[in-house]
Amino acid sequence: MYKFPFSDDNKRYHTLNYHNKTVFGCRIAKATVNAGFSCPHGRCIFCAGAPEKTRSVEEQFEAEKARINAKFPDAKIILYYGQGTNTFCSDEQLSELLHTAQQLGAFGVSVATRPDCIDSEKARILADFPLPVTVELGVQTAHDLTAARICRGYDFALFSERYGLLKSLGVRVCVHIMNGLPGEDMQMMTDTARILGKLRPDGVKIHLTHVLKNTELYEMYRRGEYVPMEQSDYIETVVRQLELFPPETVIERVTGDGDKSLLIAPLWSRDKISTLGGIDKRMNELDTFQGRLYNE
């Protein structure tokens, strides 16, 4: 049986858990908080919007810390600004977000944002911060036609430019891709992985497109203009994508959770364990592994 080198269990891809154990020597957990920032041009068609901020970042962090410590008392905690566009703000506000994490005793900070909300000064602020920093860039797809269809608001050339800016300053970058976007087939989704793989991202999060209430995608679904992915197709696509990322890239997620109060379809996505197990099973069946088809 093949033994993937970046694994200490049966996984054939480079998990975040393995990365944290080998790099930091301990369990790392994320405390997700809402800083209250919106997006620069409205919402993508699949987005229901970030919930309204009702508590301070400090209050949210302490609640998340209590939740995490109840399960993992010894875990170090990363403060994750995970909702909205967290560099859609002034340079001073970004610095304040980072220093709040430091004041709260966080081990590090993750900042979810868009490449069109990163400039040279914000990149420098992120690069100069003394705690471990990850910038999470939502790219979803490498195809500009799809990007226009989902109202993403920027082209792939701009993503590549701002990604390169962050990397040139030594900032760790995790990119988000999304499978099942309107108009995309399996070849297009694997092409996105191939293109991004050549950029050698530090991390990748792979998401399924969920149909949520109060979104334009829901209206398309209701009119019969959009058909969500089947679970078997999603599993097959993820396996093919994993083959195209370099083995060193940390696969931080292979599927995500749709807001259960808003989720319309696909309902199979509620069974996350089945999807994770299906990916492992398919990789074993094919005797494949992350990076098998990676080519610089």
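The values are calculated or read from the model by the stated rules, or taken from the named source; none is laboratory data. In this text the structure is predicted, and so the values were computed from the model without any measurement. FYI the Cβ positions are ideal-geometry reconstructions off the backbone, even for glycines, and counts take in every protein chain you see.
For residue 147, the stated conditions hold: it is on the phi < 0 side of the Ramachandran plot, without any contact (Cβ under 8 Å) to a residue 24 or more places away in the chain, part of a helix (DSSP H, G or I) and not acidic (Asp, Glu).
Cβ-Cβ contacts under 6 Å between residues 6 or more apart (or on different chains), taken from a first residue in the stretch 99-128 that is in a helix (DSSP H, G or I) to a second residue that is of a type in the set (Ser, Thr, Tyr), are listed as 116/154; 117/85; 117/87; 122/87; 125/95.
The residue that is farthest from residue 196 (Cα to Cα), counting only those in the stretch 244-296 that are assigned to a loop (DSSP other than H, G, I, E, B), in contact with a Phe, Trp or Tyr (Cβ under 8 Å, 6 or more places away or on another chain) and of a type in the set (S, T, N, Q), is 255. Test each condition in (1) more than 19 Å from residue 260 (Cβ to Cβ); (2) within 18 Å of the chain's Cα centre (by Cα); (3) surrounded by fewer than 18 Cβ atoms within 10 Å (Cβ to Cβ) for residue 55 and report the one that comes out false. So the condition that residue 55 fails would be (2).
Residues in the stretch 130-141 that are buried (at least 20 other Cβ atoms within 10 Å of the Cβ) and either at positive phi or not polar (S, T, N, Q) (or both): 133, 135, 136, 137, 138, 139, 140.
Taking the stretch 110-131 as the range and being touching a strand residue (DSSP E or B) at 6+ places or on another chain (Cβ under 6 Å), aliphatic (A, V, I, L, M) and closer than 20 Å to residue 39 by Cα as the test, the residues that pass are 111, 112, 126. Filtering the stretch 34-80 down to residues that are assigned to a strand (DSSP E or B) and out of contact with any strand residue (DSSP E or B) (no Cβ under 7 Å at 6 or more places or on another chain), which residue is modelled with the lowest pLDDT? The selected residue is 42. Say whether the condition of being over 20 Å from the mean Cα position of the chain (by Cα), modelled with pLDDT of 90 or more and in a loop (DSSP other than H, G, I, E, B) is met by at least one residue in the stretch 81-88. No, every residue in the stretch 81-88 fails to be over 20 Å from the mean Cα position of the chain (by Cα), modelled with pLDDT of 90 or more and in a loop (DSSP other than H, G, I, E, B). One residue alone among 211, 227 is touching a residue at least 12 places away in the same chain (Cβ under 8 Å), on the phi < 0 side of the Ramachandran plot and among the β-branched types (Val, Ile, Thr), and that residue is 211. Within the stretch 182-190, can one find any residue that is within 22 Å of residue 266 (Cβ to Cβ), part of a helix (DSSP H, G or I) and of a type in the set (S, T, N, Q)? Yes, that holds for at least one residue.
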